[in-house]
Structures are given as structure tokens and as C-alpha cells.
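Have a look at the structure below, then the notes.
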Amino acid sequence: MFRPGRDKGIATPIPLGMATLGVATFCLGFGLIWQPATQWGAYFGEAVLIGGIAQFLAGMWAFSYGDPLAATLFTFAGAFYGWWGLHGMVHAGATIVPLSEGVVFVVSGIAMACLWLASFYETMVFSLALLLLWVGWVLAGCSLFAGSSSVAIASGAALILSSLFAAYDIFADAYNAATFEDRVPVGEPAMARERAEQEELQRLRRLQSAINHQDIRVQSTAEAPRV
């Protein structure tokens, strides 16, 4: 399977990004279903450090790795969860305007839906995680608009399912990267696999060309007459 950063000696940031995304998403979904907002203090701290800073760094890492979709996803989701954590910590115990907070959730969910549309050529597991993520964010915003506990529960269920798909993707990406084989299935489309195989062949040709060029330079230096 093609790994864009291998030529640069960069490890894949996908498992880290999916881990931070899954943890923050699960905590948000769990809180929406089973806990009142007054008991979310630990989740806000987790959102700042894990869902925010760590995920944002994974996004920056993905830019260097050469995966624009993963880079945009992790950077954007990291910024969102960082906002949510800081917002909850700063306004702890204060009166929150549901309309304003709901707008942020809905608009962010719509932006995430655009990334989901761009993920159709990625793996099925990755695409499903994004689908349930943006649906959960939009429903969370709608629950704030309507003050509906049933909509909040539906949002929490979508977010928890998203985190479970992310957890599977974490294991699959980490295991496949460690074994250099696609042993754990993730639902990769045939078109994506063909493209990956072509890019892998091109990578090998570049490496072979660089090795041959280096051999020629070494041979030329060895055969050069000494003065």
C-alpha cells in the first residue's frame, strides 16, 4: 500500500490522528447521552490536550507526510475540539447561549460533511467514521437549538459509533503499517488500490533511478585520473 511519506522517512500520522479524533468524539457522545453538561469538566480538559493539541499536531504531520485529506481533517477537527474544550473551561458555571454554541456545531458539521464527500475514494471505515462524525455534530447543534434530550441522545449515538469506526481504523492502520501488509481489511476501493499500486511502482522506479545515479557518480569518481 502506498505511503506518501516513506521516501522522506516519515511515519504515517493516521493512527495518531484517528486515535485523538476517536477519543474526543467518544467523550462528547458519552456526555451527551449519560451526563449533564455540569459534569463535563474532565472532557473539556481532554478535548484541549488530546482532541485539540495532539490532533492538530497530527494534522500538521500529515501535511509533511503528503496526505491532504487527513491533514485537513485532523487539523480542522483538532481546532474544533480545542475550541469546545476551551469554551467549556472558560464558561464553566456561566450561562451559555444555546443558539450561539449550536451554530458552531452545525456549521462545523457542514464543513466536516464536505470532507466526508471527499473521502469516497478512501477506505470504507474512514468514510463511515467521517459520516457519523458530521451527523453527530449537526445533531448536537440541533439539540442545543431545540433543547431536546432525544436529539442529544441521537447525536451521542452517532458520535460513539463514529469513535468505534475510528478505533477499528486505528488498529488496522497501525497493524498494516507495522507488518507492511494489508492484513486487516478496511474496505479500500478497487480504484484506490490500483492508484496506490501505480504510485508504489513509481516510487520504486524513483528509488532505483536514484541508486543507479549514485552508482554512476561513484564509478566516475573512482575512474577519474589522479593528478
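Put simply, of Trp83, Trp40 the only residue that is surrounded by fewer than 16 Cβ atoms within 10 Å (Cβ to Cβ), at pLDDT 90 or above and more than 30 Å from Gln208 (Cα to Cα) is Trp83.
Which numbered condition trips up Ile53, out of (1) in a helix (DSSP H, G or I); (2) of a type outside the set (Gly, Ala, Ser); (3) within 24 Å of Val186 (Cβ to Cβ)? Condition not satisfied by Ile53: (3).
Every residue, every condition in (1) over 16 Å from Ala129 (Cα atoms); (2) in contact with a His (Cβ under 8 Å, 6 or more places away or on another chain); (3) modelled with pLDDT of 95 or more, yes or no:
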{"residue": "Ala47", "(1), (2), (3)": "yes, no, yes"}
{"residue": "Tyr65", "(1), (2), (3)": "yes, no, no"}
{"residue": "Phe76", "(1), (2), (3)": "no, no, yes"}
{"residue": "Leu99", "(1), (2), (3)": "yes, no, no"}
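Cβ-Cβ distances below 7 Å connect the following pairs, each with a first residue in the stretch 100-128 that is assigned by TED's automatic domain parsing to the domain that holds Ala79, a second residue that is among the acidic types (Asp, Glu) and assigned to a helix (DSSP H, G or I), and a separation of six or more residues or different chains: Val125/Asp169; Phe126/Asp169.
The values are calculated or read from the model by the stated rules, or taken from the named source; none is laboratory data. Bear in mind that the values here come from a model prediction, so they are computed numbers and not experimental data. Positions of Cβ are backbone-derived with ideal geometry, glycine not excepted, and every protein chain shown enters the neighbour counts.
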